[in-house]
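Each remark here refers to the structure printed beneath this line.
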Amino acid sequence: MSNLNDSSEKTDYATVIGFDFGMKYIGVAVGQTVTCTATPLDTISAEQGVPDWEKVTALFNCWRPNLIMVGMPFSLDGSEQCMTNLVHRFVGELTDRYHIPIETVDERFTTQEARQYLFERGGFRALKKSSVDGLSAKIIVESGFKKLGYTIAP
């Protein structure tokens with residue numbers, strides 16, 4: 001696929017890998033455009049925002065994505081924050097390493113949405129950091145599908 005933004009390609013099958021970037025942990029999810037759904041995967045440990053690139057590469061080798069989605073943090077008013085610059089650096093590194101199209105997705109409220117979802121289903125014990133980060137990545141991917149105009153065919 002050359003460009004998933006082309007409306008002529010909206011019906012094509014694509015695998016998407018999504019990231020919820022963090023300084024210590026990076027949530028990961030995989031999705032596909034046929035159902036416009038995603039599934040949380042393992043959380044990747046990071047040291048000062050630098051992930052274990054071997055684990056990231058192993059995920060790419062396993063899932064063979066056509067598109068990468070990365071949550072982009074903004075302040076409530078939509079302005080960039082200090083974390084936004086770190087995510088831009090992460091996106092640049094993904095671009096250099098994997099040469100796959102990348103779509104950034106506004107991630108405001110994804111962590112809160114993930115925490116609320118998990119709490120409603122399992123109380124405080126369900127609020128494990130890895131569960132929240134993975135679910136946040138899932139929400140990022142599914143929001144990205146909407147942003148790109150993907151819908152489930154009737």
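Only the coordinates and a few stated rules stand behind these numbers; no lab work does. It should be emphasised that the depicted structure is a prediction, and the values quoted were computed from it without experimental measurement. All Cβ positions, even for glycine, are placed from backbone atoms using ideal geometry, and neighbour counts span all protein chains on display.
A few points about this structure:
- Listed peptides 143-149, 28-34, 88-94 by packing density, highest first (mean Cβ within 10 Å): 28-34, 143-149, 88-94
- Computed from backbone phi, the HN-Hα couplings of the range 76-83 come to 4, 7, x, 7, 6, 10, 4, 5 Hz, rounded to whole numbers (Karplus: 6.51 cos²θ - 1.76 cosθ + 1.60, θ = phi - 60°; Gly and Pro given as x).
- Amide H within-cut-off set for Val105, under 5 Å, with H built and near neighbours excluded: Val70, Gly71, Met72
- Scanning residues 5 or more positions from Tyr25 or on other chains, those with amide H under 5 Å from its amide H are Ala46, with H placed 1.01 Å from N in the peptide plane.
- Annotation: amide H of Leu41 within the under-5 Å range of Val28, Ala29, Val30, sequence separation 5 or more or interchain, hydrogens built in the peptide plane.
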